[in-house]
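The values are calculated or read from the model by the stated rules, or taken from the named source; none is laboratory data. This structure is a prediction, so every number in the text was calculated from the model and none was measured. Counting neighbours? That spans all protein chains shown, and the Cβs are built from the backbone with ideal geometry, glycine included. What goes into the accessible areas is simple: the full protein's heavy atoms, side chains included, and nothing from ligands, DNA or RNA. Shrake-Rupley method; radii C 1.70, N 1.55, O 1.52, S 1.80 Å.
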Amino acid sequence: MYEFLNELLGNQILAMLLTAAVPLVFILLFTLFAVWLERKVSAHMQDRLGPMRVGWHGSLQLIADFLKILQKEAPVSLEADKPLYNFAPVLVFAGSFAAFAAIPFSSKLIGSEIELGLFYILAVSSFMVIGILMAGWSSNNKYSLLGAMRSAAQIVSYEIPTALVVLGMIMLTGTLSLTKISEMQTSSFWNWYILGGPGLSLSKFLLIPFMIIGFIIIYISTLAEVNRTPFDIPEAESELVAGYFTEYPGIKYAMFMLTEYANMFAVSAIVSILFFGGYQSPVGYLGNMLGIHWMIPFEQAFWFISKGLFFVFVQIWLRWTLPRLRVDQLMALCWKYLIPYAFLNLIIIGIISLL
Amino acid sequence: MKTREEIFEILKAQFPDAVLGIDASLPTEPLISIDPLKIKDICVFLRDSEELKFDSLMLLSGVDDANGTKTKDEQGHDVITGGTLSVYYHLDSVYLKHRVTLKVSAPRENPDVESVSYVWRSADWHEREAFDLLGINFLNHPNLIRILMPYDWEGYPLRKDYKNPEFYLGMKVN
Amino acid sequence: MALKTERMVLNMGPQHPSTHGVLRLELEIEGELVTKVTPHIGYLHRCFEKHCEAMMYNQVVPYTDRMDYLASMYNNWGYALAVEKLCGIQVPERVEYIRVIMGELQRIASHAVAVGTFGLDIGAWTPFLYLFRDRERILTLFEMTCGARLLYNYIWVGGLSHDIHPDFVRMTREFLESFKPTVTEVNNLLSYNKIFIERTANIGVLPLDTAINYGCTGPTLRGSGLAYDLRRDDTYSIYNKFDFNVITGQGLQGTLGDTWDRYYVRVQEMLESVKIIEQALDQLPAEGDVQSAIPKRIKPPKGHVYTRVENPRGELGYFIISDGNTNPFRVKVRPPSFVHLEIMDDLTRGHLISDIMAILGSIDIVLGEVDR
């Protein structure tokens, strides 16, 4: 997209800013929608209506909430480490925002088409850990500190099974580029990696069960990485009040929330790219049928966002159904179950791909 | 299951000095009076005796008997001197399903009662409450501090001659 | 180089999302491990016992409401029983039936809050709202009867403040029918949920002898495996006319007396209460003045009385000393929550911070009653 805008405008800086603006706008709009979705979904699961007053079925509720939160006074505790305290939400948000740069919304709509896309996303999303630790430490609050320690331990641990599953996919596809992985799964859902990838060879059918296991492992571990129930122990409200962002008011608090929802979409996007064809349509494109080729990128964006939203919906669904794990059980799940299974899965995928 | 009179007879035989008497004239429940400094030994006996087995202390309540001489101070508040403060023990046997009420009375000026918190763990907080609200001093209690009132409160509110302080930490009390 | 470590003191409360009121727990922790818990209470202390000494016997009833605000009916009832015993008042049979119906409805409502907020402490939101939906219907029944939803002032010495509404029996039956599926729903969603069991089984084990020594009663004692229920073992009112089971913990998911057992006793007790209400509605005498036995002026003889009722949390006892005047000389309450809160330190030692919430939720305290 940057190249296209650069040619169009002839100004590198302007093109860069515009390229960056697209994911930012997307994150903002998505957060507004996802929070509304979360409230409505949870309400209907619990025999309630949820927000109903502002706009149609409360659709403008989040705008009202956002305006309120913008106007809030932002007191800082006297004992807080102010530079770190103020910088932490920015760093946390930067981590998740940077990940969006390499996520292909469609074959054309991508911030930067880097070859090392997957590696880059894994790397920058670990940025968040530093921000969270900063927030927890600088707040000078024991709940924040405990929440930050829990969160750091959790994110670092759960990155291992995520990375192992991603490694298996890299072995299979031979590339780190998210666009290329998406392109491999083109034309039909039959070619998605959850169904063993493209082609009709024997290895495709052998791969299917291990792909499903891999998908389950990466879904669980990404759920833990974004601190969602049943893994929301860093911000467990019944124990730690709000975890690492207990002391943050107003717009800084909003940035943490923004990060949480942006991350929900980012991990859903990665899962859908690796296993569910990314931006590829499951059945073919209307643009191809009608012969209108400029329509295809928009269709792709539609499919990509739909897939992402579906996985976000599943995350919400889980949150309002399951209780929360305890911190030691969370670690046990990661180190005793997910990592060994992920290794085994990796080896088996390696053997099959050699066939 | 034993009646209160039978329990009294057993106790009287075991502790002739410490058990002071039974008041069966009351309309509802007979009451066994005990020496305040012997209450712990009696409670250990009540708990461990095979035929009594009082395994839980249901309620321990401090009471200001207000039976001293009443005078007025210069502001017109009641002041009681002399008389007694009492502690009532309601014991219950979960297995044998019988109950008994014990009473100890200690002089108001020096209300020392032996603690039973080593006999029943539930006595701990009940005794702290009686100390907090009535100023009864439980000897050998592990942690006799205020429980319901602020730790730095002065005076014992449930005494009949309690006078509200005018200020608490500079705040007006009304 | 050895890292320097030190114990951290964490003040949980008085304002904290899951201390169920204004309770302050002073935790000594090593990392996530809790080494000591000291409860600090008294933030809601409002001198109930002192107030009583300045009131006439019948004026005390509204004050009792405010102690255990989730089970106000029982507070009224226990007090009324004590004064009735002191004065030797016999109440009409219809009043007894209505009291039992109201009491058991209150037990369902209170257990619904206990079970729901316990789920909330573990992180499960949805069962909480399902149970509150049904509790709301019970509160509507109460509102229909006496106009209040939380603090009823309904059971008076010698009678009741109002007779029941003509629709009450029909609506209660409808409610009971619709309530049974909710319990199944909660069981499916919470009780047998793998994560929930992991969080609660073998946590906060309360051995039976410790429980008895601490004076625990109610679901907390029954969760440790002893079938002891004042409704059956020290029958008051007309509970001997009903057929119901005393639920005890079985150690189904772990050790006997763990958090899960105490929780599950409450879930099952709701169904037992449904059974009692159904029987009481069948036997309810059709006519009768509920206020015929209310004395004009209460002046009991000199003496003292201790009565107890099985409140949803345990044994609620009233110890009243009368000096022959119209005011009680001394009213002392035995609040079950006060006694149960004392076992926190024993139960939590060696557990993690998250378990504190589970244990505190499982002993189900109401701070209004602890502090009085």
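Determine whether residue B:155 is open to solvent by 20 Å² or more (accessible area, probe 1.4 Å) and of a type in the set (Gly, Ala, Ser). Steps first, answer last, please.
Details: open to solvent by 20 Å² or more (accessible area, probe 1.4 Å): yes; of a type in the set (Gly, Ala, Ser): yes.
Yes: the conditions hold for residue B:155.
Among the residues making up region C:51-79, those that are in a helix (DSSP H, G or I), open to solvent by less than 10 Å² (accessible area, probe 1.4 Å) and within 20 Å of residue C:149 (Cα to Cα) are C:60, C:61, C:64, C:65, C:72, C:73, C:74, C:75, C:76, C:77, C:78, C:79. Filtering C:110, C:178 for residues that are open to solvent by less than 10 Å² (accessible area, probe 1.4 Å) and either within 26 Å of residue C:18 (Cβ to Cβ) or more than 22 Å from the chain's Cα centre (by Cα) (or both) leaves a single hit, C:110. Residues of region C:16-44 that are within 28 Å of residue B:173 (Cα to Cα), surrounded by fewer than 19 Cβ atoms within 10 Å (Cβ to Cβ) and facing another protein chain (nearest Cβ under 10 Å): C:40, C:43. For region C:9-30, a residue qualifies if it is over 17 Å from residue C:45 (Cβ atoms), part of a strand (DSSP E or B) and not aliphatic (A, V, I, L, M), and the qualifying residues are C:11, C:26, C:28, C:30. With a requirement of 1 or more residues that are of a type in the set (Gly, Ala, Ser) and within 14 Å of chain C (Cβ to nearest Cβ), the helices (runs of 4 or more DSSP H) lying completely within region A:275-355 that satisfy it span A:327-332. Looking across A:142, A:180, one residue alone is over 30 Å from residue A:78 (Cα atoms), open to solvent by 20 Å² or more (accessible area, probe 1.4 Å) and out of contact with any Phe, Trp or Tyr (no Cβ under 9 Å at 6 or more places or on another chain). It is A:180.
Open to solvent by 30 Å² or more (accessible area, probe 1.4 Å) and at pLDDT 85 or above, is that true of residue C:4? So residue C:4 does not fit the description; no. The residue list A:279, A:261 contains one member that is among the hydroxyl-bearing types (Ser, Thr, Tyr) and within 19 Å of residue A:190 (Cα to Cα), which is A:279. Would you mention how many residues in region A:32-58 are open to solvent by less than 10 Å² (accessible area, probe 1.4 Å), closer than 13 Å to residue A:316 by Cα and more than 14 Å from chain C (Cβ to nearest Cβ)? Qualifying residue count, region A:32-58: 1. Summed over region A:277-333, the residues that are of a type in the set (S, T, N, Q), touching a residue at least 24 places away in the same chain (Cβ under 8 Å) and in contact with a Phe, Trp or Tyr (Cβ under 6 Å, 6 or more places away or on another chain) give a count of 1. Touching a residue at least 24 places away in the same chain (Cβ under 8 Å), part of a helix (DSSP H, G or I) and aliphatic (A, V, I, L, M), is that true of residue C:83? Here the answer is yes, as residue C:83 does meet what is asked.
Just a yes or no: is a residue in region C:284-297 in contact with a Leu (Cβ under 6 Å, 6 or more places away or on another chain) and at pLDDT below 85? Within region C:284-297, one or more residues are in contact with a Leu (Cβ under 6 Å, 6 or more places away or on another chain) and at pLDDT below 85. Within the option set C:360, C:284, C:347, being touching a strand residue (DSSP E or B) at 6+ places or on another chain (Cβ under 9 Å), open to solvent by less than 40 Å² (accessible area, probe 1.4 Å) and away from chain B (no Cβ under 14 Å) holds for one residue only, C:360.
Comparison of B:104, B:116, B:87 shows that the only residue that is open to solvent by less than 20 Å² (accessible area, probe 1.4 Å), more than 13 Å from every other protein chain (Cβ to nearest Cβ), within 15 Å of residue B:38 (Cα to Cα) and touching a strand residue (DSSP E or B) at 6+ places or on another chain (Cβ under 8 Å) is B:104. Selection of region A:197-233 for residues being open to solvent by less than 20 Å² (accessible area, probe 1.4 Å) and farther than 17 Å from residue A:342 by Cα yields A:197, A:204, A:226, A:227, A:228, A:229, A:230, A:231, A:232, A:233. Across region C:296-321, the number of residues qualifying as within 9 Å of chain B (Cβ to nearest Cβ), closer than 27 Å to residue B:66 by Cα and open to solvent by less than 30 Å² (accessible area, probe 1.4 Å) comes to 9.
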